[in-house]
């Protein structure tokens, strides 16, 4: 009965098994309580509760309120730990990202604010036209430098305690420095020159710039380099291992495992280079970027020059045209570039995940580890899944930083302040993803048997080289003949050899095709994988290659004919291509057939019709078409607008680099 009295006046809610106070006498039973509700003990409790008096109900409510108050007191005293942290970067994953903390935490921000404030005071002491701040002695400069080098967590906590009074974070740093320096006779004379002519953003923008500069050079770029090196090593180690490729999820021309890894190493290295080349900018021009206060106090000093000297002395590039804030455009570039690096790594993680699923990779297991709580046989690709998930989290945060930070109302609003405090979140999830990918790579083991098995079952991939060689030797309709042989049919080694034997082509060409297997038809994949840093260019004019005698150099008249097809291409021509596409159901192939139709009446070009689309995949055509589209629209439209915005300078002068 005591238990019953304790629960009197409680309402069992329909949607939760927990009890909540209620002034009603009715009891509602939730579904999670159904098993317990049928027990004798619960029925006794129910009977006791339903017979409770109003007085008893009120007293039980008071008891529950006391319990709630005790609970609130408990949580008020809970300290931050890996179990109580709201963000998993500060909890579960802390050990993997803690090297970011000295730079991207609030401690890091305060530390760099202290550095900027002190360095500015030292700079003032070096300006002859500011006699009120005499040049510091070596001992005084050493004292100030020690405040920077020895800045500790206790110092940062002292700043935070001052901020509780000032309710202003940068002013708290200024007061902290004045307190620390008031005992030094020389520096005490110039205490009011701490924060001289500065707006808070003069200090903050340089602190943020230094945070990013340091974290990039000391943490992010080195880990990116490790990742690129690891993938490059995968490329060279597996350069000769043939692998069935897949386009649209279907078997396609063989490649090598190493070459596919080389693609990612090269792409990541390009994005890493872009990140490292972004110029980190800073300003130091006062409240609205005009040096108003500086010139009011010392009108004869060239303050823009002083500001540039000061900013560049910190290893930061100077931005001369600013409102109150540094406009953060460089941050947008930096975070966008990081997003693109992350996107490439997402692509890598998904591909490796897929190769593991196909059995191309095995994962080295560790004693004691469990893959599934119910399926003991499983070894899941958790590292690549963790990497992909964290890259998504990183890109979400970095995307907001990139799009929000360059936008500020008039000379500034404060919306950037709270957003900037989250830089470490985006970079933290990125770092975690990089380390997870590295951990996953270290567990990979190539399963050659699975790679061989897939290749042995896909002889149809040799249709491509056969039809391409047929084109060289003038065999009519090579593509169509191979399509008839392979589309929707079981293709075997024997059926391919029989088809080759029946071709009317030179003996050596036939011999070369007969020697091909899905294992050996890998093109230049081995060389590409071994030389991953080389930029591979495919800009071939077949008629200008002496070693392709089947396509003699075109006459001027033939080249003019072809050029006219380009220059005179009309909407009617495009409609004709679209009509062909209705039959082929392939847009690029429709273009090839259109060109063959147009050129078959030209005696010289008609001899080489099958060299249209020679050795090309559709994407070879498409990627260059897209590149030309962008090039044209930028040159013809966007640059004219930019020229207007740049005070009508000549078109050749107003370029993106000028802006």
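The values are calculated or read from the model by the stated rules, or taken from the named source; none is laboratory data. The structure presented is a predicted model; accordingly, all values stated were derived computationally and were not measured. When we count neighbours, we look across all protein chains shown, and the Cβ atoms used for this are built from the backbone with ideal geometry, even at glycine.
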Residue list for region 314-332, restricted to those being farther than 15 Å from residue 214 by Cα and in contact (Cβ under 8 Å) with a residue 40 or more places away in the chain: 323, 324, 325, 326, 327, 328, 329, 330, 332
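Just give me the residues in region 74-105 being part of a helix (DSSP H, G or I) and loosely packed, with under 10 Cβ neighbours inside 10 Å, in sequence order. I'd like the intermediate steps shown before the answer.
To start, the set of residues in region 74-105 that are part of a helix (DSSP H, G or I) comprises 74-76, 94-104.
Result: 74, 75, 76, 95.
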Does residue 430 fit the bill of being crowded, with 20+ Cβ neighbours inside 10 Å, in contact (Cβ under 8 Å) with a residue 40 or more places away in the chain and closer than 30 Å to residue 233 by Cβ? yes
Counting residues that are surrounded by 14 or more Cβ atoms within 10 Å (Cβ to Cβ), which helices (runs of 4 or more DSSP H) fully inside region 121-220 reach at least 3? 138-149, 153-166, 169-181, 200-215
Just wondering, is there one or more residues in region 449-461 that are touching a strand residue (DSSP E or B) at 6+ places or on another chain (Cβ under 8 Å) and in a strand (DSSP E or B)? no
Any residue in region 296-304 that is on the phi > 0 side of the Ramachandran plot and surrounded by 14 or more Cβ atoms within 10 Å (Cβ to Cβ)? no
Test set (1) closer than 29 Å to residue 343 by Cα; (2) part of a loop (DSSP other than H, G, I, E, B); (3) in contact with a helix residue (DSSP H, G or I) (Cβ under 7 Å, 6 or more places away or on another chain) - residue 426 fails condition number: (2)
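Per-residue answers, yes or no, for (1) in the same structural domain as residue 356 (by TED's automatic domain parsing); (2) under 30 Å from residue 605 (Cβ atoms); (3) surrounded by fewer than 18 Cβ atoms within 10 Å (Cβ to Cβ):
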| site | (1), (2), (3) |
| --- | --- |
| 463 | no, yes, no |
| 467 | no, yes, no |
| 471 | no, yes, no |
| 474 | no, yes, yes |
| 477 | no, yes, yes |
| 480 | no, yes, yes |
| 485 | no, yes, yes |
| 489 | no, no, yes |
Might you check whether a residue that is without any contact (Cβ under 8 Å) to a residue 40 or more places away in the chain and either farther than 30 Å from residue 114 by Cβ or in contact with a strand residue (DSSP E or B) (Cβ under 8 Å, 6 or more places away or on another chain) (or both) occurs anywhere in region 218-234? yes
One residue from 523, 474 being under 36 Å from the mean Cα position of the chain (by Cα) and assigned to a loop (DSSP other than H, G, I, E, B): 523
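Residue by residue, here is whether (1) at pLDDT below 85; (2) under 21 Å from residue 473 (Cβ atoms); (3) assigned to a helix (DSSP H, G or I) holds:
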| position | (1), (2), (3) |
| --- | --- |
| 547 | yes, yes, no |
| 553 | yes, yes, no |
| 559 | yes, no, yes |
| 573 | yes, no, yes |
| 579 | no, no, yes |
| 582 | no, no, yes |
| 588 | yes, no, yes |
| 592 | no, yes, yes |
| 596 | no, yes, yes |
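Which of the residues belonging to region 436-448 are assigned to a helix (DSSP H, G or I) and either in contact with a strand residue (DSSP E or B) (Cβ under 8 Å, 6 or more places away or on another chain) or under 27 Å from residue 392 (Cα atoms) (or both)? Break it down stepwise before answering.
From region 436-448, those assigned to a helix (DSSP H, G or I) are 436-443, 448; that's our starting set.
436, 437, 438, 439, 440, 441, 442, 443, listed by residue number.
Which residue, of 348, 310, 335, is closer than 30 Å to residue 245 by Cβ, touching a residue at least 60 places away in the same chain (Cβ under 8 Å) and either touching a strand residue (DSSP E or B) at 6+ places or on another chain (Cβ under 9 Å) or surrounded by 18 or more Cβ atoms within 10 Å (Cβ to Cβ) (or both)? Even if it seems obvious, please write down each step before you answer.
Working: 310 fails: closer than 30 Å to residue 245 by Cβ; 335 fails: closer than 30 Å to residue 245 by Cβ.
That would be 348, the only listed residue that is closer than 30 Å to residue 245 by Cβ, touching a residue at least 60 places away in the same chain (Cβ under 8 Å) and either touching a strand residue (DSSP E or B) at 6+ places or on another chain (Cβ under 9 Å) or surrounded by 18 or more Cβ atoms within 10 Å (Cβ to Cβ) (or both).
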